[in-house]
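S.K.: Here it is, the structure, as structure tokens.
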Amino acid sequence: MKLEDYELGGTHLRNSDFEKGKVLTTAWQPNLAYAWDNGVAIGRYLAELKEGRIIARVCHSCHRIMIPPRMFCELCFKPTDEWRYVKDTGTINTFSIAHVNWDASRRGPKEQPLIPAVIEIDGASPGMGILHMLGGVGPNSIKVGMRVEAVWKKAGERTGAITDILYFKPIRAAAAKTPRAAGKAKAGRKPAAKRARSKR
């Protein structure tokens with residue numbers, strides 16, 4: 001007899017079947033511990049984050065500086081062969097404004113939305129970056145191309161996780177005050193000396 005000759009229908013269940021006790025159920029909360037190996041590249045990456053540094057990996061075959069680091073290049077399939085520190089500053093590649101929390105619950109009316117963003121890290125190849133949160137800026141002020149810098153946890157609070165960076169905040173460039181700008185005459189008005197001469 002072939003498998004398709006058997007009827008493998010199964011039993012349709014409804015919520016009411018569970019509520020009325022028609023289906024045997026049991027409640028159990030397991031106490032499970034998990035362990036996994038981060039691997040060489042991510043293990044070193046996380047260890048450097050604990051020290052307040054960001055590290056990348058270099059592929060000398062296709063000349064890319066990759067972050068997060070990996071031990072092989074997914075484009076040319078060659079092993080990467082050099083560690084390189086990069087800056088903790090970068091540029092917003094893209095971002096999203098989220099009015100829900102990680103568990104899909106809606107954020108309160110007085111809560112700022114969450115703003116995840118892809119940050120292209122300075123010193124890495126174009127398009128290379130990390131997904132992280134933005135902070136210290138309102139949703140209406142963010143734009144693609146904005147320059148940002150990492151805000152780190154205090155050294156004693158870091159654990160070797162991506163959350164050792166609390167968030168990225170905009171880099172506020174101080175407005176340069178030049179003598180020319182300070183002494184510039186108001187638009188549409190001649191300087192006083194020239195006004196006096198023109199009356200003659």
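The values are calculated or read from the model by the stated rules, or taken from the named source; none is laboratory data. For clarity, every value in this text was computed on a predicted model and none was experimentally measured. Quick reminder, even Gly has a Cβ in these numbers, built from the backbone with ideal geometry, and neighbours come from all protein chains shown.
S.K.: Tell me, please, whether a residue that is under 30 Å from residue 134 (Cβ atoms), surrounded by 14 or more Cβ atoms within 10 Å (Cβ to Cβ) and not acidic (Asp, Glu) can be found in region 15-38.
M.R.: No: region 15-38 contains no residue that is under 30 Å from residue 134 (Cβ atoms), surrounded by 14 or more Cβ atoms within 10 Å (Cβ to Cβ) and not acidic (Asp, Glu).
Per-residue answers, yes or no, for (1) in a strand (DSSP E or B); (2) under 18 Å from the mean Cα position of the chain (by Cα); (3) under 24 Å from residue 153 (Cα atoms):
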residue: 18; (1), (2), (3): no, no, no
residue: 26; (1), (2), (3): no, no, no
residue: 29; (1), (2), (3): no, no, no
residue: 44; (1), (2), (3): no, no, yes
residue: 93; (1), (2), (3): yes, yes, yes
residue: 104; (1), (2), (3): no, no, no
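S.K.: Find all pairs meeting these conditions: Cβ atoms under 9 angstrom apart; at least six residues apart or on different chains; first residue within region 28-44 and under 11 Å from residue 71 (Cα atoms); second residue of a type in the set (Ser, Thr, Tyr).
M.R.: Going by the 9 Å Cβ cut-off, the qualifying pairs are 41/80.
S.K.: Could you tell me which residue of region 78-91 is farthest from residue 132 (Cα to Cα), considering only residues that are without any contact (Cβ under 8 Å) to a residue 60 or more places away in the chain and surrounded by 14 or more Cβ atoms within 10 Å (Cβ to Cβ)?
M.R.: Ranking the qualifying residues of region 78-91, first place goes to 80.
S.K.: Kindly provide the set of residues from region 39-77 that are surrounded by fewer than 18 Cβ atoms within 10 Å (Cβ to Cβ) and among the aromatic types (Phe, Trp, Tyr), ordered by number.
M.R.: Listed by number, the residues that qualify are 72, 77.
S.K.: Follow-up question, since we're still on this one. Can you give me the number of residues within region 106-129 that are surrounded by 13 or more Cβ atoms within 10 Å (Cβ to Cβ) and assigned to a strand (DSSP E or B)?
M.R.: Counting residues in region 106-129 that are surrounded by 13 or more Cβ atoms within 10 Å (Cβ to Cβ) and assigned to a strand (DSSP E or B) gives 8.
S.K.: Would you mind stating whether residue 125 is within 30 Å of residue 42 (Cα to Cα), modelled with pLDDT of 65 or more, of a type outside the set (A, V, I, L, M) and under 18 Å from the mean Cα position of the chain (by Cα)?
M.R.: Taking the combined requirement at face value, the residue satisfies it.
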